[in-house]
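Read through the structure below, which is laid out as structure tokens, and then see the notes.
Bear in mind these aren't lab numbers, they're just calculated from the coordinates by the rules spelled out. Please read these numbers as outputs of a predicted model, since none were measured by experiment. Using ideal geometry, Cβ is built from the backbone for each residue, glycine included, and neighbour counts are taken over all protein chains shown.
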Ligand code: FAD
């Protein structure tokens, strides 16, 4: 059986960033990444593809080109865990052992959970920036829609980049406004949630755009099925008395954010919590029951915003802690829940939401430079010009600009110490 110091499941934002962070600290480690895909995606760019700002090709690179040279790449999907034996099994039946395991396979976009959706996507005016092949269709629709009804949907939480469904809407409205069509287009935002955004501090700035664009907000309104040919969407709505009713809406354009869940092989394993997500300590990102297993990224149950921005801060924490555990120490690097959501409220301006656990605001820049709760041109510049560069050349290369982890000087409690040595 092949054996490695560290095995990483997933070669996405999280898997690649943590591999780079580990190698930066200890180049001699033997690391394997298990990843079935040939392409690696910069998903934060997909909103800008749907908004006509980026080309699709700018948001992906060949996986082989970003895999670090010294990493052993298993070109297959992970299928199951045997934590007692420090091994995993791949879908092709191969078994791999590790001294430490990092679980980062992202999440599943559950298109099948909405009957009629999959068959309608890419035609009948139904689109989604959550699939790179469809993001260009979003921009096509935005350009071709002259009048009628445009509906943007948001499923129940958790979802990755919780602001992305409304980002698509603001950029569409901005285009319709600039081209003098907005008055002829009825825009609706149908969200399963009870608020426009999870962190209240950002809502006033967003509400100004909702008013300016004339968007109709429908809370507790969840997409349940789509009929493409008749351009009809069905929603489950919680009414003012708390009863659930179903209603139908006609659309000319429908932008869907699909429901999201943990990957099946994680949800069905002993590593998951009751909801199926990877069961981690929210500070150390160590598994709650297996001391030599860590996780990061969208598959985790830590209550942060599921974003690449979160991954940027998580990767060095996991790298530090994995190295400590490999040396028989207790993990002392701490993640504070940072995540970020650059809300593209108009072409050229962004409300830069940055917050940690409990919705605590964590602005990167001083308020005289960028006031996160207000639309800012500098934040747009950051999103369009700087963040993609930082992603490819910083985060995926183990440069930890503005992401230095907090390392506690002392060992935490005995209980945690016991947990760390539990392998
Ligand atoms: P991913 O990057 O999705 O990678 C998971 C990897 O695991 C994939 O390569 C996959 O092939 C692999 N994998 C899956 N199953 C297996 C298996 N069984 N075995 C092995 N490998 C497997 N974030 C921001 O910070 N800012 C934004 O503005 C932003 N906007 C977004 C807009 C959209 C439309 C979308 C879709 C996302 C956006 N995000 C944004 C979120 C960000 O892209 C994710 O949070 C980030 O990619 C999470 O990294 P990850 O590695 O956990 O998952």
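Anisotropy class assigned to the range 1-115 is oblate, per the alpha carbon gyration tensor with a/c at or over the 1.5 cut-off and a/b no larger than b/c.
Descending by average beta-carbon neighbour count within 10 Å, the peptides 148-158, 376-386, 308-318 line up as 308-318, 148-158, 376-386, the highest first.
Fewest neighbouring Cβ atoms within 10 Å first, the residues 216, 35 line up as 216, 35.
The calculated FRET efficiency for residue 282 paired with residue 367, based on their beta-carbon distance and R0 = 35 Å, is about 0.80.
Model label points for residue 211 and residue 30, set 7 angstrom from Cα along the Cα-to-Cβ axis, are 6.4 nm apart.
Relative contact order of the chain, taken over Cα pairs closer than 8 Å and 6 or more residues apart, is 17 percent.
The alpha-carbon positions of the range 110-260 define a convex hull whose volume is 108 Å³ per residue.
Each residue of the range 230-348 gets 178 Å³ once the volume of the Cα convex hull is shared out per residue. Two-decimal Rg/Rh of the range 139-201 from alpha-carbon positions, Kirkwood Rh? For the range 139-201, the value is 1.01. State whether the range 10-57 is rounded, prolate or oblate according to the following rule on the C-alpha gyration tensor (a ≥ b ≥ c being the square roots of its eigenvalues): a/c under 1.5 gives rounded; otherwise a/b larger than b/c gives prolate, and the remaining case gives oblate. Note, shape of the range 10-57 comes out prolate.
GNM on the chain, alpha-carbon springs under 10 angstrom: the most fluctuating residue among 113, 168, 104 is 113.
For the peptides 231-238, 342-349, the ranking by mean Cβ contacts within 10 Å, running from highest to lowest, is 342-349, 231-238. In this simple spin-label approximation, residue 386 and residue 401 carry label points 7 Å from Cα along the Cα→Cβ vector, and these lie 0.8 nm apart. The convex hull drawn around the Cα atoms of the range 226-292, when projected onto a plane and averaged over every direction, covers 8.1 nm².
Mean separation of Cα pairs under 8 Å and 6 or more residues apart, divided by the residue count, gives the range 110-260 a relative contact order of 36 percent.
Residues 167, 371, 26 in ascending order of nearby Cβ atoms (within 10 Å, fewest first): 26, 371, 167. Against the chain, whose longest principal axis comes from its Cα atoms, helix 164-178 is set at around 40 degrees. On the basis of the beta-carbon distance and an R0 of 51 Å, residue 239 and residue 408 show a calculated FRET efficiency of 0.55.
Please give the FRET efficiency for residue 58 paired with residue 179, using the beta carbon to beta carbon distance and R0 = 30 Å, rounded to the nearest 0.05. Efficiency, from the Cβ-Cβ distance: 0.80. Listing 255, 4, 399 from fewest to most neighbouring C-beta atoms within 10 Å gives 399, 4, 255.
A helix-only calculation puts the chain at -7000 deg cm²/dmol for mean residue ellipticity at 222 nm, using -39500 (n - 2.57) for each DSSP H run of at least four residues, averaged over all residues. The distance linking the range 339-370 with the range 48-106 is 29 Å (Cα centroid to Cα centroid, whole angstrom). A prolate overall shape is assigned to the chain, the ratio a/c of its alpha-carbon gyration tensor axes (a ≥ b ≥ c) being 1.5 or greater and a/b exceeding b/c.
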